[in-house]
1. How many of the residues in the range 44-78 are closer than 13 Å to M22 by Cβ and among the small types (G, A, S)?
2. Taking interchain pairs and intrachain pairs at least six residues apart, which have beta carbon atoms under 7 angstrom, with the first residue in the range 72-91 and within 20 Å of G27 (Cβ to Cβ) and the second surrounded by fewer than 15 Cβ atoms within 10 Å (Cβ to Cβ)?
3. Output the residues belonging to the range 20-61 that are surrounded by 15 or more Cβ atoms within 10 Å (Cβ to Cβ), hydroxyl-bearing (S, T, Y) and farther than 16 Å from I78 by Cα.
4. Among (1) among the acidic types (D, E); (2) surrounded by 14 or more Cβ atoms within 10 Å (Cβ to Cβ); (3) in a loop (DSSP other than H, G, I, E, B), there is one condition D64 misses while meeting the rest; what is its number?
5. If we keep just the residues of the range 1-19 that are loosely packed, with under 10 Cβ neighbours inside 10 Å and of a type in the set (S, T, N, Q), which is modelled with the highest pLDDT?
Amino acid sequence: MLLSAPLRSLSPVPTNDTSTAMLIFHGDRDQTVPIEQSEKYYAALKAAGKAVKYVEIEDYGHGDSLSPAQQAKVLRIIGDYLAKDCGPGGL
């Protein structure tokens, strides 16, 4: 099945036409998805020359945090990425 350009850019499979900048963040206490999956995905995107940033979040699980401080930390990471690293000059 062929995907349209916008859908291809969201595919987890790195391709030559993937141009969307990506932020990958993963909690070191995630018991749902092994952290190695994010590390391998990041490495594959970097090796393919894609614009990608990886952040491992200390003491963070899978999904929303139950701690307001941890959730604020994640939101800061996302906000900083969008402001500074998401394409030239951020969004």
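The values are calculated or read from the model by the stated rules, or taken from the named source; none is laboratory data. Computed from a predicted structure; not experimentally measured. Cβ: placed from backbone, ideal geometry, glycine included. Neighbour counts: every protein chain shown.
1. Step one: filter the range 44-78 for residues closer than 13 Å to M22 by Cβ, giving 44-46, 48-55, 78.
Narrowing further to those that are among the small types (G, A, S): 44, 48-49, 51.
Looking only at that region, the number is 4.
2. What qualifies is L82/G90; L82/L91.
3. If the condition is that a residue be surrounded by 15 or more Cβ atoms within 10 Å (Cβ to Cβ), hydroxyl-bearing (S, T, Y) and farther than 16 Å from I78 by Cα, then S38, Y41, Y42 are the ones that fit.
4. (2)
5. For the range 1-19, the residue satisfying everything is N16.
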